[in-house]
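This report refers to the structure that appears directly beneath it.
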Amino acid sequence: MSQIKDALANVGKDMFNAAKTSLSASKWRMVRDYAELEFQNLQATAIKLAEMFATGKITEERAQAHIRLQQSSFKTMLLTVQGVGLAEVEKLLNVAIKAVLSMVNSKVGFTLLRQET
Amino acid sequence: MNTLRRLIFLLAATGLAVGTPVISTSCTLPRLVLVAPYDELTDAAVTDLQKDVLLHLRALELAKDPSEDKYFIAYRGFYRDIDTLITRAASRPKNDIQSQQFAALREQVELLETIHKGRFEPEEIEPVRLAISRTFRAILTLELVKKP
């Protein structure tokens, strides 16, 4: 189990660094503290789900639903920031997910992360 | 308004001081209305729905068998209530943000139902409760900060 934890140890940081480029500097300044916290939360959720999947406690479909629920809550929060619209929030999340998607999915052994359409 | 929206965000993110009136009327400039005004019915309906959803999660946590039919009946009421809120939000001008928040809330309840339909592990409840609570807090903070 610690192998999965080690493999995903920098996912939150990588998502955060990738997301920086998706917004203007002024908008990024307004969301960065919360984004940092939330990407760490997504990392912890991904590790937990990967461990549950590895021990047969959760199905692929249910793990994906958990991740999508966390992402949806993240979007709802960011929508309260002045001038940051839904399209920008979705872009931010997509850029962050794209940066770690193949690494995470390969380490956990199934498609846990998907880009939003 | 930048400062106000930043404050709304921080209140929602931290869960602090929900309902604190932060709109100052001491400014001598005319007040620009960039979002729909406070709506008491929405406030009350969201508060009731939050209570119902959190009670549902608590019931699932304590249930011997959460796959029993009686635990799935609650979703019908949640969808009905959220759809009513979506319709009300859409009927009010300058209310796009709230409409998007309600659509996200519906998505989250649908995802909860998907998770619930599987073989539900008690340890799955806490992250769901935290995520949905954050969503309700964001919705209510945005509404309550407009309260005159």
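The values are calculated or read from the model by the stated rules, or taken from the named source; none is laboratory data. Keep in mind the model is a prediction, meaning the values are calculated, not measured. Ideal geometry is used to build each Cβ from the backbone, glycine not excepted, and the neighbour counts take in all protein chains shown.
Restricting to segment B:99-140, name every residue that is modelled with pLDDT under 90 and at the interface with chain A (Cβ under 7 Å from one of its Cβ atoms). Correct list: B:G118, B:E121. Inspection of segment B:98-107 finds a residue satisfying the criterion of being free of Cβ contacts under 8 Å to residues at least 12 places away in the same chain, among the charged types (D, E, K, R) and under 26 Å from A:L37 (Cα atoms).
Suppose the filter is in a helix (DSSP H, G or I) and either surrounded by fewer than 21 Cβ atoms within 10 Å (Cβ to Cβ) or aromatic (F, W, Y) (or both); does B:R119 pass it? It is false that B:R119 is in a helix (DSSP H, G or I) and either surrounded by fewer than 21 Cβ atoms within 10 Å (Cβ to Cβ) or aromatic (F, W, Y) (or both).
When you look at A:E36, is it acidic (D, E), in contact (Cβ under 8 Å) with a residue 40 or more places away in the chain and over 23 Å from B:F102 (Cβ atoms), yes or no? Here the answer is no, as A:E36 does not meet what is asked.
For segment A:73-103, a tally of residues being over 13 Å from A:E116 (Cα atoms), in contact (Cβ under 8 Å) with a residue 12 or more places away in the chain and facing chain B (nearest Cβ under 10 Å) returns 7. Taken over segment A:16-53, residues that are polar (S, T, N, Q), crowded, with 20+ Cβ neighbours inside 10 Å and either in contact with a Pro (Cβ under 8 Å, 6 or more places away or on another chain) or farther than 17 Å from A:V95 by Cα (or both) amount to 1.
Within segment A:98-117, the residues that satisfy the criterion of being at pLDDT 95 or above and over 21 Å from A:T59 (Cβ atoms) are A:K98, A:A99, A:V100, A:S102, A:M103. Entry remark, segment A:1-50: residues being of a type in the set (A, V, I, L, M, F, W, C), within 23 Å of A:A65 (Cβ to Cβ), over 12 Å from the mean Cα position of the chain (by Cα) and within 13 Å of chain B (Cβ to nearest Cβ) number 1 in total.
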